[in-house]
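The values are calculated or read from the model by the stated rules, or taken from the named source; none is laboratory data. Everything numeric here is computed off the predicted structure, so don't read it as measured data. Note that we place each Cβ from the backbone using ideal geometry, even for glycine, and neighbour counts take in every protein chain shown. Side chains included, ligands, DNA and RNA excluded: accessible areas come from the protein's heavy atoms. Shrake-Rupley method; radii C 1.70, N 1.55, O 1.52, S 1.80 Å.
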Amino acid sequence: MSLNVGDVAPDFELPDTELKLRTLEEFKDKKIVLSFIVAASSPVCETELCTFRDSWQEIADLGANIVAISNDGPFANKAFAEKHNFNFPLLGDYNSKTIQDYDILMKDLLHIKDYNAAKRSVFIINEDGKIGYKWVSEDPLKEPNYEEIKNFLK
């Protein structure tokens, strides 16, 4: 079932890089820029999350939290986050449940059977828990439009 703007965003409970379980609910004090990446430490994901890191203050000033999710485990995510000094949570959806809940599962990444990942996606979730913005790419090498995201938050 595809999620659309106006739908309630599915909740999650996923480990962060310190193995603390985090939920969608805890970030709802502001809008949430929820970024799903394909794989920790891959070049395009590195560019994307470093762009969000460098835009963090501007996005925070626009009243939003940034949360990133990959299908990697917390240990790979921790190495990735520490290397780049991410200033937002990077959560591990290692069983792809949340990725499936958001209907963004990319099967057989790089033609490797059963190597599943998230489609590169950004959802902005409003304080009421509903999706206000949705961008999903079928091309794992395509980055989101960062200015469009900031303009939506304005």
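Find the residue count for the range 40-50, including only residues that are surrounded by fewer than 13 Cβ atoms within 10 Å (Cβ to Cβ) and either over 20 Å from Ile112 (Cα atoms) or touching a helix residue (DSSP H, G or I) at 6+ places or on another chain (Cβ under 6 Å) (or both).
Of the residues in that region, 1 qualify.
How many of the residues in the range 6-24 are open to solvent by less than 90 Å² (accessible area, probe 1.4 Å) and hydrophobic (A, V, I, L, M, F, W, C)?
Of the residues in the range 6-24, 4 are open to solvent by less than 90 Å² (accessible area, probe 1.4 Å) and hydrophobic (A, V, I, L, M, F, W, C).
Kindly list the number of the only condition in (1) open to solvent by 30 Å² or more (accessible area, probe 1.4 Å); (2) among the charged types (D, E, K, R); (3) within 19 Å of Glu143 (Cβ to Cβ) that fails for Asp61.
Exception for Asp61: condition (3).
State all residues of the range 64-81 that are within 19 Å of Ala117 (Cα to Cα), surrounded by 17 or more Cβ atoms within 10 Å (Cβ to Cβ) and not small (Gly, Ala, Ser); if no residue qualifies, say none.
Once the filter is applied, which keeps residues that are within 19 Å of Ala117 (Cα to Cα), surrounded by 17 or more Cβ atoms within 10 Å (Cβ to Cβ) and not small (Gly, Ala, Ser), the range 64-81 yields Val67, Ile69, Asn71, Asp72, Pro74, Asn77, Lys78, Phe80.
Mind counting the residues in the range 92-105 that are of a type in the set (S, T, N, Q) and open to solvent by 20 Å² or more (accessible area, probe 1.4 Å)?
Summing the residues that are of a type in the set (S, T, N, Q) and open to solvent by 20 Å² or more (accessible area, probe 1.4 Å) in the range 92-105 gives 2.
Restricting to the range 25-39, count the residues that are open to solvent by 20 Å² or more (accessible area, probe 1.4 Å) and either touching a residue at least 12 places away in the same chain (Cβ under 8 Å) or of a type in the set (Gly, Ala, Ser) (or both).
Counting residues in the range 25-39 that are open to solvent by 20 Å² or more (accessible area, probe 1.4 Å) and either touching a residue at least 12 places away in the same chain (Cβ under 8 Å) or of a type in the set (Gly, Ala, Ser) (or both) gives 5.
Out of the range 106-137, which residues are open to solvent by 10 Å² or more (accessible area, probe 1.4 Å), in contact with a strand residue (DSSP E or B) (Cβ under 7 Å, 6 or more places away or on another chain) and either under 14 Å from Asp72 (Cα atoms) or of a type in the set (A, V, I, L, M) (or both)?
Those that are open to solvent by 10 Å² or more (accessible area, probe 1.4 Å), in contact with a strand residue (DSSP E or B) (Cβ under 7 Å, 6 or more places away or on another chain) and either under 14 Å from Asp72 (Cα atoms) or of a type in the set (A, V, I, L, M) (or both): Met106, Leu109, Asn116, Lys119, Val136.
Given the range 36-154, what helices (runs of 4 or more DSSP H) lie entirely inside it while holding 2 or more residues that are closer than 21 Å to Val5 by Cα and more than 14 Å from the chain's Cα centre (by Cα)?
146-153
Condition test on Pro89, is it buried (at least 18 other Cβ atoms within 10 Å of the Cβ) and either touching a Cys at 6+ places or on another chain (Cβ under 7 Å) or farther than 20 Å from Asp11 by Cα (or both)? Working first, answer last.
Values: buried (at least 18 other Cβ atoms within 10 Å of the Cβ): yes; either touching a Cys at 6+ places or on another chain (Cβ under 7 Å) or farther than 20 Å from Asp11 by Cα (or both): no.
Spelling it out, it is not the case that Pro89 is buried (at least 18 other Cβ atoms within 10 Å of the Cβ) and either touching a Cys at 6+ places or on another chain (Cβ under 7 Å) or farther than 20 Å from Asp11 by Cα (or both).
If you go through the range 15-34 one residue at a time, do you hit one that is among the charged types (D, E, K, R), in a helix (DSSP H, G or I) and under 18 Å from Arg120 (Cα atoms)?
The answer is no, given that none of the residues of the range 15-34 is among the charged types (D, E, K, R), in a helix (DSSP H, G or I) and under 18 Å from Arg120 (Cα atoms).
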